[in-house]
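The values are calculated or read from the model by the stated rules, or taken from the named source; none is laboratory data. Note that the coordinates shown come from a computational prediction; the quantities given were computed from them, not determined experimentally. Positions of Cβ are generated from backbone atoms using ideal geometry, with glycine treated the same way; all protein chains shown enter the neighbour counts. When the accessible area is computed, the model is the full protein with side chains, heavy atoms only, and any ligands, DNA or RNA have been set aside. Shrake-Rupley method; radii C 1.70, N 1.55, O 1.52, S 1.80 Å.
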Amino acid sequence: MGNFFTSSQIYNDKCLNKQQFIDKFCKAMSDSGYEVCDSDESEKSYILRFATNSKWVAIASEEYGQNGRAAQADAGRIAKMLGTYCMNTEVIDSDCAAIFLYNKDGKEADRLLMGRYDDYFGDDTPEPNKKIWMQFLSDGSTWEQFTEILSGNYVFVEDGLAQLAPVIGMDSGNLLFSAEDDVDDESAVFLDFKKAGAKKEKKLTLNTAFKHIFGDGLKVQGFQVVKGRYPYLVRVINDEILHVISIRPRQAEYPEDKAFSILGGIATVYRKSIDLDTDPMGNYHWLRNDVASFYLYSIDSEPDRRLVSIMSKFNYFSEVPKSLPCVMEEALEYAKKYMISYMNETNTLEKCIDYFVRMELSRNVQSKKTQNLK
């Protein structure tokens, strides 16, 4: 069990159009000491997603990942910065979600719980504040509808959230939106910011470190960096097999640290779709194996659990400039030894099929373990 995703929405109380809202957001960030910049210089990155006939604008950041606390803290900051309400939704488990509403002062105004929440919050749960939530109800919606949806039993709590969205004047897709979603559409706007006026050494971002270190290190192996916003390395074998490597930010064990996983996937040109213009998590159905997974695929003996832990998630000290490139170099060596060597052997369609079967069997085993934990 655990946090599945977190998403946030900003209440557009002035009914601003798309450009007006972007201008207001950038102006507020400027007043907070940030200026718009290119993605390579970025210290804070956001995705704003707009929807027709919605009073809310979804906001996401790759910095949140599955870190609900970081998303909640930022929701409060943004609410105060823009002088409006901001709502953060945290899907804690497949059948449980918590909604945190922050007011114009950036403080938590109310909290809504949906699904099987007693395991997480106990039985003593306050009722939703009617005075606060009534102002958000859309035309034709009633308080009875609102409370009935909240108290519903859902196998997948996303179904309940999708029902709740239109009742509070929100687009259902926006309520479920996160940075891992496919955002290659006109509704999504990417905004990057850096500290204004600060003349300092250009900060090495996770994606830039990956492209430079893995890109240079694997060039001799035939991998090429894909030009675009997202971090992908691709190698084509016999014009029909694709070996793909990417990176995923992860939540570290300690607040002062950061972490990442190196993802690898094998695909063929006969797939229904291969989209390298979207976030790597948008390809998670086939680009999902970390270095540790390839290590486990490669051995027949009892695995080294310490090694599995290291290769599943690489931790680095975010405040130490040399930490990220050093750890990235370490990740590259592990990737060469286990991920790349496995890919080198997977060079025919027959061997690709063996890989797909092994990956599916591994997924089924993991699914059964997850079910047993519930």
Give me the angle, in degrees from 0 to 90, between the Cα long axis of helix 206-217 and the longest principal axis of the Cα atoms of the chain, rounded to the nearest 10.
-> 10 degrees
Compute the relative contact order of the stretch 11-112 as a whole-number percentage, counting only Cα pairs closer than 8 Å that sit 6 or more residues apart in sequence.
-> 21 percent
For the chain, the Cα convex hull volume per residue in Å³ comes to 158 Å³
With the 1.4 Å probe rolled over protein heavy atoms, the chain has an accessible area per residue in Å² of 52 Å²
At a Förster radius of 41 Å, what calculated FRET efficiency corresponds to the Cβ-Cβ distance of I353 and K44, to the nearest 0.05?
-> 0.40
With x for Gly and Pro, the residue-by-residue ³J(HN,Hα) of the stretch 42-59, computed from phi through the Karplus equation 6.51 cos²θ - 1.76 cosθ + 1.60 at θ = phi - 60° and given in whole Hz, is 4, 10, 9, 10, 9, 10, 9, 10, 9, 9, 5, 6, 10, 8, 10, 10, 6, 9
Angle between the Cα long axis of helix 68-82 and the longest principal axis of the chain, 0 to 90 degrees, nearest 10?
-> 50 degrees
Work out from phi, with θ = phi - 60° and the Karplus expression 6.51 cos²θ - 1.76 cosθ + 1.60, the ³J(HN,Hα) of each residue of the stretch 236-241, listed in order in whole Hz, and give x for Gly and Pro.
-> 9, 10, 6, 6, 9, 10
One point scatterer per Cα, no solvent, Debye formula: log10 I(q)/I(0) for the stretch 220-337 at q = 0.15, 0.16, 0.21 Å⁻¹ comes out as -0.74, -0.84, -1.29
The stretch 189-271 - Rg (one decimal) and Dmax (whole number), Cα, Å = 16.0, 50
Work out the FRET efficiency for K14 and W143 from their Cβ-Cβ distance, taking R0 = 25 Å, and round it to the nearest 0.05.
-> 0.50
Relative to the present Cα-Cα distance, how much length would full extension add between N315 and K130 at 0.36 nm per residue of separation?
-> 62.2 nm
Quick one: check the C-alpha center-to-center distance for the stretch 211-288 versus the stretch 17-58, whole angstrom.
-> 28 Å
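Given K195/K227; K219/K351; K107/K131, which pairs have Cα atoms separated by over 21 Å?
K195/K227; K219/K351
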Once phi for every residue in the stretch 343-352 is put through the Karplus expression 6.51 cos²θ - 1.76 cosθ + 1.60 (θ = phi - 60°), the whole-Hz ³J(HN,Hα) values, with Gly and Pro written as x, are 4, 4, 7, 8, 10, 9, 4, 5, 6, 5
Surface share of carbon and sulfur [accessible, 1.4 angstrom probe, percent] for the chain = 48 percent
How many nm is it between the label spots at S32 and K337, if each spot is 7 Å from the Cα in line with the beta carbon?
-> 4.2 nm
